[in-house]
Structures are given as C-alpha cells and as structure tokens.
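Colleague: Once you've had a glance at the structure underneath, I'll fire off some questions.
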Amino acid sequence: MDDLLGSDLRTVAKSLRERKASPVELTRAALARIAGQQPKLNAFSCLTEERALIAARQAEQEIAAGGWRGELHGVPVAIKDLCDMAGVPTTASSRVRQDHVARTDAAVVERLERAGAVIVGKTHTHEFAYGAATPTSGNPWDATRIPGGSSGGSGAAVAARSCFMAIGTDTGGSIRIPAAVCGIVGIKPTYGRVSRHGITSLSWSLDHAGPMTRTVGDAAVSLAVLAGFDGRDPGSADVPVADYVGELELGVRGLRIGVPSNWFFERLDPDVERNARAAIERLSSEGADLVDVDIPMADKIMPIEFGLMLPEATAYHHDMLRRHRDLYEPDVRTLLEAGALIPAIDYIAAMRVRLQVQAAWRQMYDAHRLDAIAAPTVPLPATARGQANHRWSDGTEEEVISAYVRLSAPANITGLPSVAMPSGFAASGLPTSVQVIGRPFQEARILRIARAYERTVDWASRTPPL
C-alpha cells in the first residue's frame, strides 16, 4: 500500500474503482502512516479510526456491487479541526474548547461522506485559525520549520502522504499559505462557493473553506464535491457549479494573465521570485498572453484585512474570552484583545473601502480583459518554528504573520478564487509557490491555468524526506 499512499488521489481512485486496491487496506495503511508520523509532525489533533474503517468497509462493499460514487469513494481524507463531525471533538486546537464535542456534521463533512470519502481524522490548526504558523505541527520537508497556517495540519498531512485530501479554511491565506510552504496545491474558492455551515468562524466576511491536495486534478475533483449552495450558510451563493474536471486539460492558449508590477513582487525571497517568474513565463510558452498590471489601492489591502478580521474575530470570541482568557495562547489572546480596541467607525470604514477595492479589481480585470492574475503565493519559504520576525536583505524586519498574509489577503478581501501550486524549490530545499487569482466563480478557469503549468513540471511527484 505504500506505493498507493504515494500516489495522487485520482490514481488511487482508479485503482479502487477497478478493485485493484481495497479501501479497507488503504485506510489501515493511512492510519498506520499517521501514527508513525505523529511524534515528529503532529499534524493530527485526533484520529477517527473506528468511523473511518466502517466507512471503508461500506465503500468496499458498494464498489464491489457496482455502486461507485465517484473519485473520492473509499479514499482516505482529513478535515481541519474547525469542522464539526458528530460525536467527535471540535477543539480548534485550543484548550478553550478541549471538551467540546460536535452534535452534527459540518456541510463539508456531509458532502464528503455523501461522496463516499473516508475521513481518517482531524488536523491541527493554529488556535482558532488565528495565525499563520500552526505551532503544534511540523513541516514534512523540515520538521524544524512551520507548516504554515492556519491549516498547517492539513498541509502537513497531505504533503506527508498520510491522506489524499484535507479540508482547510482561508481567512487571510490559511489554505494557500500552508499549501505554499508544504509544497502542495490549495484552492480558496470564491466567497460563498463552499458552505461554512458547521465550521468554527474566525472572521465571517473573510472566511472561506476549500480542499488541499497533491495535484491540481485532485483539487478539481475535491472542489466538485464540496461546491454548491447551502441555505444554512448566510454567505452561501446560489450559483451553478462548473465542470471543474472537464476543463482541466484545455490549456491556456489565448488566455490573458495579468502579471502585477506592484505589491506581489515587493519584498520577496530571491528564490521565491525567481521560481514565480519562471512559472509565469512557462504559462507564456504554453500560449497564454501575459499582461502587465498595476494592483489598485494596494496600500489599503492590509488595513482592510486586519480592520475586518480583528473586530469580527473578537466579536465571535467575546463571551469565551471573558470566561476563559487564561486558556488562550498568548499570541491569539493578544489579537483578540486588540480587536476589542478597534472603534466601530474604523470597522465601518474598512467595510466601505473594501467595496471600493472590489470595484477597482473588477475594473482592472475588465480593462485588461484578464482571465486571471499570476503571482507568488507567499514571499518566503517556511520559517523556523517559533520565529516571530523575518529580516529582509535591506535590513528591515517584518512580522512573520504579516509577511505570509500580505500576498494572500487580496483574494480574501475581494472574495476572488485563488489556487496555490508548487513553483519549485529554494536553495534550502524548501518548497516555493505561485498562485492564480481569477474572476468570481471562475474556479474552473484558474484550475485549468494551474494544470497547464503543472503538467510541464514534476513538482507534484517530489516527496518530502520524511
């Protein structure tokens, strides 16, 4: 089973459908691998072994009887420990909720189980998704480095080949940051595309949920299962779901891709910049038309991101913070207390300017007839665990959380879909990443662009030394 565990989701799905592999044996192998990796990576907050093996046995029986449900049927996957799963703790990797057990399933869990997926466990998050490091967990490429956050456990689990897909959430980059530093694919869909019902919130107007996988094709298959309207989520959008898989191999000839001349290429690690520009040039060689663009109102991006996230997060935690202040980790407690100091007028101003930024981005896409924008996902590879600041070559310092959020936040405040994918490796051996940001509900288009690049490189076949 080790060979199958090292394969991508779609390859495994074919083996399961043709009954060349057993969902039960594959699930047992995944659980065994997780157990072996936990002492070093600690990617999982809990395992759901009994429920997983029951689901695997059911999948095996259904497939044998000709009842194949699709490419996730019988495949081991994981969910971030913000997602409710009936009878299983939802701790958000926090002592504050160490005794909280969910009564019902989150929408993403419902959809995964309806597709026949086998959920093997829950992955660690930066406490309450409020950070970019996930300090509980290690990076499979170097366990002394962070796996990113807040979906760091999901990123580490997928990169370490212990599951084939994991759910992440993204408020300021929390799917794409760990995808970038762990060397995998992560897609943050359009705001409202995937239901957040049953998922612990960080910031309701910025929160997104989506899949983290080894390949672009795996992301397309997974998003097809997760996407769709859900009236239980007030932010859910009643928009038809595209054929994400059907458009994957159409290539990029004739597509117009914007290359930012500001913001995204400022203060970058040299290896990150080199690999991102090489990836973008590869898209050009595949037939895409590259267009230089200026990112509008770039100086407003970070003030809006934190101007919305801080007060919204504090509002969600208001009662818990009063009752359990000392149970929060210091970094998260500081952010929550800071959110309480933001005047309502500043929050309203952030919402108002956000609308202006969204309008300016629409105008930019329309004026240049863009299909997407391509740019680095994060400005630097994985930092050391516990590292608070990064020193740039010009001597300036930047907080690690601000550095990682800086390039991913635009897609959160605009609500636009963005897919992160590996762009190569730094001299240190750590992964680098490039992202493609598309128009609203054009996930199929950005996945198509990402796939056009992916099929020209071998990054997805590279495995961590772990």
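The values are calculated or read from the model by the stated rules, or taken from the named source; none is laboratory data. Just so we're clear, the structure is a prediction, and the values are computed from it rather than from any experiment. Counting neighbours? That spans all protein chains shown, and the Cβs are built from the backbone with ideal geometry, glycine included.
Colleague: So residue 407 passes all but one of these: (1) out of contact with any helix residue (DSSP H, G or I) (no Cβ under 8 Å at 6 or more places or on another chain); (2) surrounded by fewer than 21 Cβ atoms within 10 Å (Cβ to Cβ); (3) touching a residue at least 12 places away in the same chain (Cβ under 8 Å). Which condition number does it fail?
Modeller: All conditions pass for residue 407, except number (2).
Colleague: What is the one condition in (1) buried (at least 20 other Cβ atoms within 10 Å of the Cβ); (2) in contact with a strand residue (DSSP E or B) (Cβ under 7 Å, 6 or more places away or on another chain) that residue 313 does not satisfy?
Modeller: Residue 313 satisfies all of (1) buried (at least 20 other Cβ atoms within 10 Å of the Cβ); (2) in contact with a strand residue (DSSP E or B) (Cβ under 7 Å, 6 or more places away or on another chain) except (2).
Colleague: Could you go through the range 395-418 and let me know if any residue there is closer than 21 Å to residue 454 by Cβ and not in a loop (DSSP other than H, G, I, E, B).
Modeller: Within the range 395-418 (the criterion being closer than 21 Å to residue 454 by Cβ and not in a loop (DSSP other than H, G, I, E, B)), the answer is yes, since at least one residue qualifies.
Colleague: Take residue 290 and tell me if it is touching a residue at least 24 places away in the same chain (Cβ under 8 Å) and either crowded, with 20+ Cβ neighbours inside 10 Å or polar (S, T, N, Q) (or both).
Modeller: No, not satisfied.
Colleague: Residues being part of a helix (DSSP H, G or I) and out of contact with any Lys or Arg (no Cβ under 8 Å at 6 or more places or on another chain): count how many of those fall in the range 18-27.
Modeller: Selection size over the range 18-27: 3.
Colleague: Return the total of residues in the range 355-390 being aromatic (Phe, Trp, Tyr) and either more than 13 Å from residue 291 (Cβ to Cβ) or surrounded by fewer than 19 Cβ atoms within 10 Å (Cβ to Cβ) (or both).
Modeller: The number of residues fulfilling the criteria is 1.
Colleague: Determine which member of the set 52, 56, 29, 13 is free of Cβ contacts under 8 Å to residues at least 40 places away in the same chain, among the aliphatic types (A, V, I, L, M), crowded, with 16+ Cβ neighbours inside 10 Å and under 15 Å from residue 163 (Cβ atoms).
Modeller: Matching residue, one of 52, 56, 29, 13: 29.
Colleague: For the range 76-103, which positions are touching a residue at least 12 places away in the same chain (Cβ under 8 Å), part of a loop (DSSP other than H, G, I, E, B) and under 23 Å from residue 174 (Cβ atoms)?
Modeller: Scanning the range 76-103 gives 81, 82, 84, 90, 91, 92, 93, 94, 102.
Colleague: Would you check which residues across the range 425-437 are part of a loop (DSSP other than H, G, I, E, B) and not hydroxyl-bearing (Ser, Thr, Tyr) and list them?
Modeller: 426, 427, 429, 430
Colleague: Hey, could you check the range 243-267 for residues that are part of a loop (DSSP other than H, G, I, E, B), surrounded by fewer than 19 Cβ atoms within 10 Å (Cβ to Cβ) and not charged (D, E, K, R) and say which is farthest from the chain's Cα centre (by Cα)?
Modeller: 254
For every residue, the table says whether it meets (1) basic (Lys, Arg); (2) within 22 Å of the chain's Cα centre (by Cα); (3) in a helix (DSSP H, G or I); (4) at pLDDT below 95.
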residue: 29; (1), (2), (3), (4): no, no, yes, no
residue: 32; (1), (2), (3), (4): no, no, yes, no
residue: 36; (1), (2), (3), (4): no, no, yes, no
residue: 45; (1), (2), (3), (4): no, yes, no, no
residue: 51; (1), (2), (3), (4): yes, no, yes, no
residue: 63; (1), (2), (3), (4): no, no, yes, no
residue: 70; (1), (2), (3), (4): no, no, no, no
residue: 74; (1), (2), (3), (4): no, no, no, no
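Colleague: Being part of a loop (DSSP other than H, G, I, E, B) and either closer than 19 Å to residue 55 by Cα or at pLDDT below 95 (or both) is the filter here, so list the residues in the range 104-133 that pass it.
Modeller: 104, 105, 106, 115, 116, 117
Colleague: For the range 236-259, indicate whether the set of residues that are acidic (Asp, Glu) and within 28 Å of residue 399 (Cβ to Cβ) is non-empty.
Modeller: No: zero hits.
Colleague: Would you tally the residues in the range 391-403 being over 21 Å from the mean Cα position of the chain (by Cα) and surrounded by 16 or more Cβ atoms within 10 Å (Cβ to Cβ)?
Modeller: Of the residues in that region, 1 qualify.
Colleague: Taking the range 70-91 as the search range and keeping residues that are surrounded by fewer than 24 Cβ atoms within 10 Å (Cβ to Cβ) and small (Gly, Ala, Ser), which one is farthest from residue 226 (Cα to Cα)?
Modeller: The extreme case among them is 87.
Colleague: Name the single residue, out of those in the range 32-49 being touching a residue at least 60 places away in the same chain (Cβ under 8 Å) and among the small types (Gly, Ala, Ser), that is farthest from residue 101 (Cα to Cα).
Modeller: Here the answer is 43.
Colleague: Show the residue pairs meeting these rules: Cβ distance below 6 Å; 6+ apart or different chains; first residue within the range 414-425 and within 26 Å of residue 462 (Cβ to Cβ); second residue acidic (Asp, Glu) and not in a strand (DSSP E or B).
Modeller: That search, which allows pairs on different chains as well, returns 417/443.
Colleague: If I go through the range 438-459 residue by residue, how many of them are assigned to a loop (DSSP other than H, G, I, E, B) and closer than 20 Å to residue 408 by Cα?
Modeller: Of the residues in the range 438-459, 4 are assigned to a loop (DSSP other than H, G, I, E, B) and closer than 20 Å to residue 408 by Cα.
Colleague: From the list 107, 102, 115, which one is touching a Gly at 6+ places or on another chain (Cβ under 8 Å), farther than 25 Å from residue 314 by Cα, surrounded by fewer than 24 Cβ atoms within 10 Å (Cβ to Cβ) and of a type in the set (A, V, I, L, M)?
Modeller: When all the criteria are applied, what remains is 115.
Colleague: Considering only the range 1-17, state which residues are assigned to a helix (DSSP H, G or I) and farther than 26 Å from residue 244 by Cβ.
Modeller: Once the filter is applied, which keeps residues that are assigned to a helix (DSSP H, G or I) and farther than 26 Å from residue 244 by Cβ, the range 1-17 yields 2, 3.
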